[in-house]
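The values are calculated or read from the model by the stated rules, or taken from the named source; none is laboratory data. Here the structure is a predicted model, which means the values were calculated and not measured. Note: ideal-geometry Cβ built from the backbone for every residue, glycine included; neighbour counts use all protein chains shown. Just the protein is used for accessible areas: all its heavy atoms, side chains included, with ligands, DNA and RNA removed. Shrake-Rupley method; radii C 1.70, N 1.55, O 1.52, S 1.80 Å.
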Amino acid sequence: MSGITHYHETAAGLKMQLMEALVDHAAFEVLLKPCSLSRCSATCCYDGVYLSEEEARGVEWLVETQAERFEGYGLRLPDEVVVSVRGGKARKTQVRPTEEGELAVDFPKHFERSRCVFLDREGRCGIQRLCMEDGLGDWFLKPLTCWIHPLVILPKSAERPRPVLTLVSIDNDPQKADDYPGFASCTHCGRAEKDGQVAWKVLEAELRALSELAGRDFYAELSAPVIEYDSLDG
């Protein structure tokens, strides 16, 4: 786990869910396109990211110790990079107003026109740039919710006796409401595309990272050939 993420406590909680999770094979057959900043301009980062307490401490520590590097990336970080929301019940990265030309041409109308403060004008994440420059891998210091997107882990519930590793659609997006069309299914890397590739191939890097974290090979599970049991008869 130490080679995947800096946030061991947060990852341990995720691991417990992943170890017993059902895999939604049908969802991973949807056609997606790989992440491309030239196409999406980091649309998924418009509202920042919700953080565990461990991640909040880590992000604040990064800013304290790497302020000059972030400034070198052209980031003008506010005094508070982590803010409390939902009446103090949650914490997330701060956002800033967008500047001209920063948003994708098809930026969802129901998304606030804002950006995570760690994004530069090209949509590059300062935390990810720092990780890559230091040879830590793409995501070591990034909050887990950032790098697993658009993968979704639905927790246990009255209807679900086990967690489910899945991708959401425009019809079942868990953040969809009467006045809100959804989140993950409205971002470029979570949106079905007729000329895309099957999702388990597009998201191979994320699936392999989650596999290492959970001690379970999700990519192998999803890429295994379908067994036609009728063909095995006598």
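Using the structure shown, decide if LEU136 is open to solvent by 20 Å² or more (accessible area, probe 1.4 Å), within 24 Å of ALA205 (Cα to Cα) and either acidic (Asp, Glu) or over 16 Å from the mean Cα position of the chain (by Cα) (or both). Spelling it out, LEU136 is indeed open to solvent by 20 Å² or more (accessible area, probe 1.4 Å), within 24 Å of ALA205 (Cα to Cα) and either acidic (Asp, Glu) or over 16 Å from the mean Cα position of the chain (by Cα) (or both).
Counting the residues of the range 173-220 that are out of contact with any Gly (no Cβ under 6 Å at 6 or more places or on another chain), farther than 24 Å from TRP139 by Cα and of a type outside the set (D, E, K, R) gives 7. Exactly one residue out of VAL82, VAL63, VAL59 is modelled with pLDDT of 95 or more, farther than 17 Å from THR5 by Cβ and open to solvent by less than 20 Å² (accessible area, probe 1.4 Å), and it is VAL82.
Restricting LEU222, LEU165 to those that are in contact with a helix residue (DSSP H, G or I) (Cβ under 8 Å, 6 or more places away or on another chain), part of a helix (DSSP H, G or I) and touching a residue at least 60 places away in the same chain (Cβ under 8 Å) reduces the list to LEU222. Within the range 157-173, restricting attention to residues that are open to solvent by 80 Å² or more (accessible area, probe 1.4 Å) and under 19 Å from the mean Cα position of the chain (by Cα), the residue that is farthest from ASP24 (Cα to Cα) is ILE170. Of all residues assigned to the range 88-100, none qualifies as being modelled with pLDDT under 95, of a type outside the set (D, E, K, R), at negative phi and more than 19 Å from the chain's Cα centre (by Cα). When the criteria are applied in full, PHE70 fails the requirement of being more than 22 Å from THR98 (Cα to Cα) and at pLDDT 95 or above. Within the range 139-151, the residues that satisfy the criterion of being more than 24 Å from LEU31 (Cα to Cα) and open to solvent by less than 20 Å² (accessible area, probe 1.4 Å) are LEU141, PRO143.
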